[in-house]
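Undergrad: Take this structure first; my questions come after.
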Amino acid sequence: MSTLAEDILGAPAGSYIDREVDRAFVHDGTGVLTREAWLAMGHGTIAHPERCSVIFDHIVPANNSTTAHLQHELREFAREKGMQFYEGGCGICHQVMGEGNTLPGEIIVGADSHSCTGGAFGAFSTGIGATEMAAIWLSGSTWFKVPSSIGIALEGNLPNNCEAKDVALRYIRMLGMDGGTYKALEFIGDGAKGLTIDSRMVLSNMAVEAGAKAGLFAADKTTKEYLSGFGHSIDVHPPQENTSYEQELSIDLSGMEPLLAVPHRVDTVVPVKEKEGLALDQVFIGTCTNGRYEDLETLAAGVKGQTVQVRTILAPASRRVLERATQSGVLQTILEAGIIVLPPGCGPCLGAHMGVLGEGEVGLSTANRNFKNRMGVGAEYYLSSVATAAASAIHGVITVPGGN
Amino acid sequence: MVLSGTAICLGEDIDTDVIIAGRYLRTKDRSLWAAHALEDLDPTLADRLSGTVIVAGKNFGCGSSREQAPVALKGAGVVAVVAPSFARIFFRNAINVGLPLLEAGGVSCEEGAPVQVSVEEGWVETGGVRTKAAPLSERMNEILAAGGLVEYWRMRR
C-alpha cells in the first residue's frame with residue numbers, strides 16, 4: 001500500500017510533481033529575502049494572499065534598528081498584500097501553524113527548516129528557501145519530488161522520566177544526521193498513537209535533523225479532538241495497512257532512558273547519566289521543539305518549590321501557551337523557581353539575541369541544534385528533554401531527571 | 001557548459017550555521033555574507049573561495065533553510081559545489097539562487113588542483129579522473145540555466 005507521503009502528494013515515490021500549496025509561511029528572517037526575491041521577479045502579483053502567512057518569531061521584539069527596519073518593511077508589505085500577519089509575541093511560526101492552521105492532508109511549505117513540524121497533523125509540511133517561497137507567493141504552486149518513506153514504529157509506553165524529545169534523539173542517533181535525506185519519516189505503531197499532539201510535534205519537528213523532508217503521523221482521534229478545540233471538524237480515516245516502507249526502524253519506548261546530544265552534532269547522542277555532574281552556565285527551555293504547554297507543565301513539575309542553581313531561561317512557543325500557563329498556575333511555579341521568562345518566540349535558539357552564550361560557556365537546551373557557535377561563539381551546547389533541563393537547572397549541573 | 005575552478009576540500013556534514021553564521025543574517029547586504037562565508041570553519045577561507053570548486057563530504061548544507069548559505073558561497077566566487085549528497089533544502093536553495101551543485105560520490109580531492117564540472121552532462125573531472133554526477137530534473141536544469149529562480153520568473157513576465 002502507498003505511504004502517507006504518497007497519499008497526500010497523490011503520486012508514487014520518485015515522481016516529480018507540481019502541486020498548489022494549501023498554506024505558505026515565512027518568518028521575520030526568511031521573509032525579508034522572500035520579499036526581495038518576489039520584487040526582483042517583477043510580476044507584482046500574489047496568487048493567493050489568503051494562503052500566505054508572515055509570522056514574526058526569530059528576533060522579537062527587534063534587537064536593533066537594522067532588524068527593526070527590516071521588520072517594518074516586511075510588516076507593511078504583508079498587511080498591504082492582505083497576507084495573514086502575526087506580530088512578534090504571537091509565537092514561533094511552527095507553533096502558530098500548529099494552533100488550528102494545519103489540517104490533515106494539506107500541503108504546506110514554510111521558509112524555515114523546521115516546517116516539518118506540521119507533519120504531526122498528517123499534513124505534508126516541509127521547509128523551503130526564500131526565493132522558492134517568492135515563486136510560490138507569485139504562482140501558488142511549486143514542484144516536489146515525492147519522497148520514499150522510512151517507517152519508525154514506536155511500541156510500548158515511555159518511562160516516567162522520558163519524553164518525546166528523548167525518542168527524537170534516539171531516532172536521530174539511529175539514522176544519523178543524513179539518514180533521512182530526501183525521505184519522509186512516518187511514525188507508526190501503538191506508541192505513536194498514544195502520543196499527545198504536543199509530543200507528536202516534537203518527533204515531527206526533529207525529522208529535519210536526520211535530513212528528512214517530512215515527519216508524518218496519520219491523523220486520528222487525538223488529532224480530531226485537538227483540532228476541534230480550534231473549531232475544525234475533520235474526518236479521520238483508518239490508517240493504511242501493510243504499507244511498504246523503504247526502511248523500517250523500531251523503538252521500544254519502555255526501554256528508553258533520558259538522552260543528550262553532545263556538541264556539536266545532533267546525532268552524537270549519549271545517555272544523560274554519562275554526562276551527569278557536568279557544570280552548566282545556562283539552561284534554556286523553549287523553541288519549536290520544546291516550548292509547548294506540555295513542556296511548561298513538565299518544567300514546572302521539575303522545579304516546583306525549588307530554586308534553579310544556574311541561569312535558566314524559558315521562551316514559551318506561543319502566546320496561547322503562555323496564556324494557558326498563566327491561567328493554570330504553571331507559570332507562577334516557573335517564576336518562583338527563579339527562571340527568566342522571555343516573550344513567546346525563538347529566543348536564543350539561533351544565537352541572535354536574549355541568552356546567547358559567551359566563549360567557554362556550557363549550555364543545556366531543549367532546542368534542536370547544537371552546531372558549533374550556533375548559540376554563541378566558542379560555547380558548547382547540549383540538547384535534552386525538558387525534564388532533563390529542569391533537573392539540571394535545579395542542580396546547576398547535568399542531572400538525570402526523576403532522581404535516578 | 002563546462003565550469004572550471006581549483007579545489008577546496010571540505011569534510012562531511014558542513015552545516016548552514018558554519019557556511020554563514022546566524023549573527024550575520026539580519027541584513028540585505030549580500031557582500032557581508034560572502035565576506036563571512038565558512039568563517040567558523042576557517043576564518044581565512046572566505047578570501048580564498050573565489051574561482052574554487054568546493055569538493056565536500058556527504059550531507060553538505062545540512063541544518064537551517066537559510067538561503068544566505070548558497071548566496072554567500074556564490075557571492076564569494078565559488079564556481080560549483082561537489083558532494084556525495086546534499087541536505088535537501090540547501091540543494092533546492094542552491095539551484096534557486098544559481099549555484100551549480102553536483103551530487104557525485106568518490107571524487108578524490110586535492111587542495112588547489114584543477115576541477116572541471118558539467119551540470120548538464122552530469123560529471124566532475126579532477127586529477128585525470130571523470131566521475132558521473134546524478135542528473136538534475138528538467139525543471140532544475142531550466143532554473144539553473146536561467147541563472148536562478150528569480151531570473152527564471154523574470155523571463156516569464
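Undergrad: Counting only helical runs of four or more DSSP H residues, what would the 222 nm mean residue ellipticity of chain B come to if each run contributes -39,500 (n - 2.57) and the total is spread over all its residues?
TA: Rounded to the nearest 500, the figure is -7000 deg cm²/dmol.
Undergrad: Based on the Cα gyration tensor of the protein assembly as shown, what are the three equivalent ellipsoid semi-axes, each the root of five times an eigenvalue, rounded to whole Å and given largest first?
TA: 35, 26, 24
Undergrad: Quick one: divide the alpha-carbon radius of gyration of region A:266-404 by 2.2 N^0.38 Å and tell me what you get.
TA: Expressed relative to 2.2 N^0.38 Å, the Cα Rg reads 0.95.
Undergrad: Once amide H atoms are placed 1.01 Å from N in the peptide plane, what residues at a sequence separation of 5 or more from A:TYR381, or on another chain, have their amide H within under 5 Å of its amide H?
TA: Those lying under 5 Å, H to H, from A:TYR381 are A:GLY363.
Undergrad: Another one. Average partner chain C-beta neighbours within 10 Å, per residue of B:55-64?
TA: Mean number of neighbouring Cβ atoms from other chains: 5.
Undergrad: If you don't mind, there's one more thing I want to ask. Under a straight-distance cross-link criterion of Cα-Cα below 22 Å, which lysines are reachable from A:LYS372, leaving out those fewer than 8 residues away in the same chain?
TA: A:LYS165, A:LYS275, B:LYS58
Undergrad: At q = 0.11, 0.12, 0.23 Å⁻¹, what log₁₀ I(q)/I(0) does a Debye calculation on the Cα points of region A:18-144 give, no solvent, two decimals?
TA: Relative scattering, expressed as log10 I(q)/I(0), comes to -0.32, -0.39, -1.44.
Undergrad: Another question about this same structure. Return the long-range amide H neighbours of B:TRP123 (sequence gap of 5 or more, or a different chain), with a cut-off of under 5 Å between placed amide H atoms.
TA: B:SER118, B:ALA133
Undergrad: Using a simple spin-label model with points 7 Å from Cα along the Cα→Cβ vector, what separation in nm is obtained for A:THR45 and A:GLN240?
TA: For A:THR45 paired with A:GLN240, the spin-label model returns 3.5 nm.
Undergrad: Taking only DSSP H segments of four or more residues, each worth -39500 (n - 2.57), what value at 222 nm results for chain A once the sum is divided by all its residues, to the nearest 500 deg cm²/dmol?
TA: -8500 deg cm²/dmol
Undergrad: Average projected area of the Cα convex hull of region A:181-252, in nm²?
TA: For region A:181-252, the mean projected area of the Cα convex hull comes to 5.4 nm².
Undergrad: While we're looking at this one, here's another question. Tell me, what is the Rg over Rh of region A:323-404, with Rh the Kirkwood radius over Cα pairs?
TA: Dividing the radius of gyration by the Kirkwood radius yields 0.98.
Undergrad: If Lys and Arg each add +1 and Asp and Glu each add -1, what is the summed charge of the other residues whose beta carbon sits under 14 Å from the beta carbon of B:GLY148?
TA: +1
Undergrad: A further question on this structure: Tell me, what is the FRET efficiency for B:GLU125 and B:SER50 to the nearest 0.05, using R0 = 25 angstrom and their Cβ-Cβ distance as r?
TA: So the FRET efficiency works out to roughly 0.75.
Undergrad: Let me ask you something else. Which aspartates and glutamates have a Cα lying under 18 Å from the Cα of A:LYS224, excluding residues fewer than 8 positions away in the same chain?
TA: A:GLU99, A:GLU106, A:ASP190, A:ASP198, A:ASP235
Undergrad: Across peptide B:24-30, how many C-beta atoms of other chains are within 10 Å of each residue C-beta, on average?
TA: For peptide B:24-30, the averaged partner shielding equals 6.
Undergrad: For region A:10-18, take each phi angle, set θ = phi - 60°, evaluate the Karplus expression 6.51 cos²θ - 1.76 cosθ + 1.60, and give the result in whole Hz per residue in order, putting x for glycine and proline.
TA: With coefficients 6.51, -1.76 and 1.60, one gets x, 7, x, 3, x, 6, 8, 9, 9 Hz.
Undergrad: P(r) tail for region B:2-154, what percent of Cα pairs lie past 18 Å?
TA: 53 percent
Values quoted throughout were computed directly from the atomic coordinates according to the rules given, and no laboratory measurement underlies them. Nothing here was measured: the structure is a model prediction, and the numbers come from that model. So basically every Cβ, Gly included, is an ideal-geometry build from the backbone, and we count neighbours across all protein chains shown.
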